[in-house]
Amino acid sequence: MDTIMTFLSKFRNMCKKELLSTLKDPATRIVLFLPVVLQTILFGYAATYNLDNVPYAIIDNSRSKTSAEFLSKLDGTGVFQRIQTLMNAGEIAKSIDSNKVMMVINIDSDFERNLAEGNPASIQVITDGRNTMTAAVALGYISDIVGEYNAERDGGKQLINIETRAWYNPNLITRWTFLPGMIAVFSLIQILMLAGLSVAREREQGTFDQLLVTPLSSTEILMGKAVPPILIGMLQVTFILLSCIFWFKIPLSGSLITLYLTVFIFMVSCTGIGLSISAISTSMQQVMVYTFVLMMPMVLLSGLATPVRNMPEILQIATYANPLRFGVEAIRRVYLEGSSLAQVAHNFIPMAAVAAVTLPLAVWLFRNKLT
């Protein structure tokens, strides 16, 4: 019995010592609790496929009492919000390209006459196929509304039918949405890891002091460390791109030059973040932890899986500091839509702004660490 009590006493003291040593370090406490808090909030608000706001445009060729009644029922849900009224089908592409609407509803001119005669009437719903999950959810919502309207008007007869078409992804194939966006995500992971580990590796291997006695300035050292991650990242992007085109058969609609320029600007902004992490880290393990903590919020706030427009307003504002949001959007538009350089150039501004802040910050942190 004494042996057991002695063992339990030692075990308790060891556990107490480990808990105190773990929780005593402020940096460790931040790493333990901050990711949990951030991920709980972000998964609760950002990672959701529930659509509280479905902006749409309407082409009402019928302009009848029946079509107005149907649209008023749609608007009355509080979910669907009419943003634009289009005059003809030629305006659909511009409306969806602008990201202002999630779908376009096209009502035929003989909509009311067909229903009055007891014949089926069709409503065409054109969705933004660049995000298959939200497109499918929005179609589910509108199908429920049409079913309720049929039940109220015609006693359950399914006279109103929905004809669906997905813009830029006709068959709503999920990989068409995710793989072009993953070009940016994979680039982010590799750049953060390679740039982040560059200085920390030197410190652990003991070659950091040798690097400092060279005639290179701090700026020149960090510039030299920024180039290899970008070159390696470009090679990896080429591999992913070839896999998308030739293995997964996802057609590239845009220009390769525009696509690579977009990726390059995105990588430069990510390199600044990675070098900033590297400058404040004393070991490779710290770099791994900081990268993990940073990666999850950046991916969740990128709009890769769930649209930014459905996030709370404060999180939408936070996405402007996230280069991944604009990288994903620009790459998808070039790849799937065939957008020109001028059409995606506005995405370069926030990415360049991140680079303009993080690269000088990395130099300052690097110098500050030496003093």
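The values are calculated or read from the model by the stated rules, or taken from the named source; none is laboratory data. Note that the structure is predicted; figures quoted are calculated from it, not measured. Glycine also receives a Cβ, built like all others from the backbone with ideal geometry; neighbour counts cover every protein chain displayed. Ligands, DNA and RNA are stripped out before the accessible areas are found, and what is left, the full protein with its side chains, is counted by its heavy atoms. Shrake-Rupley method; radii C 1.70, N 1.55, O 1.52, S 1.80 Å.
Table for the structure above
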read-out: Gain on full stretching of the segment that runs from F239 to L256 - 0.36 nm per residue minus C-alpha separation; value: 4.8 nm
read-out: Probe 1.4 Å, protein heavy atoms only - accessible area per residue of the chain in square angstrom; value: 50 Å²
read-out: Relative contact order, percent, the chain [alpha-carbon distance under 8 Å, six or more residues apart]; value: 18 percent
read-out: Nonlocal amide H pairs with M311, under 5 Å, H built at 1.01 Å; value: none
read-out: Carbon and sulfur %, accessible surface of the chain computed with the full protein complex present, 1.4 Å; value: 64 percent
read-out: Gyration tensor verdict on the range 124-258 (Cα atoms; rounded if a/c is under 1.5, prolate if a/b is larger than b/c, oblate otherwise); value: prolate
read-out: Net charge over other residues, Cβ less than 13 angstrom from the Cβ of S64 (K, R count +1; D, E count -1); value: -2
read-out: Modelled FRET efficiency - R0 25 Å, N13 with Q285, Cβ distances, 0.05 increments; value: 0.40
read-out: Cross-link pairs K157/K249; K73/K249; K100/K249; K65/K100 - those with Cα-Cα distance over 32 Å; value: K157/K249; K73/K249
read-out: Proximal aspartates and glutamates to K225, defined as alpha-carbon separation beneath 18 angstrom and excluding residues fewer than eight positions away on the same chain; value: E202, E204, D209
read-out: Cα gyration tensor shape for the range 75-198, rounded if a/c is under 1.5, else prolate or oblate; value: prolate
read-out: Principal axis dimensions, the chain - Cα atoms, whole angstrom, descending; value: 86, 67, 36
read-out: Net charge, A89 excluded, C-beta distance under 15 Å - Lys, Arg +1, Asp, Glu -1; value: -3
read-out: Distance between modelled label sites at M295 and M87, nm, 7 Å Cα→Cβ extension; value: 5.1 nm
read-out: Longest exposed-site-free window of the chain, the sites being trypsin sites (Lys or Arg not before Pro) in a DSSP loop that have at most 15 other C-beta atoms within 10 Å; value: 250-371
read-out: Cleavage-rule hits, chymotrypsin sites (Phe, Trp or Tyr not before Pro), the range 219-301, DSSP coil, Cβ neighbours within 10 Å at most 15; value: F248
read-out: The range 298-352: C-alpha gyration tensor shape, a/c 1.5 cut-off, then a/b vs b/c; value: prolate
read-out: Net charge of neighbours whose Cβ lies under 15 Å from the Cβ of V79, counting Lys and Arg as +1 and Asp and Glu as -1; value: -1
read-out: Estimated 222 nm signal from helices in the chain, with DSSP H stretches of n ≥ 4 weighted -39500 (n - 2.57), rounded to 500; value: -21000 deg cm²/dmol
read-out: Förster radius 25 Å - calculated FRET efficiency between V227 and T207 (Cβ-Cβ, nearest 0.05); value: 0.85
read-out: Folded to 0 to 90 degrees: helix 218-242 orientation relative to the chain principal axis, Cα; value: 40 degrees
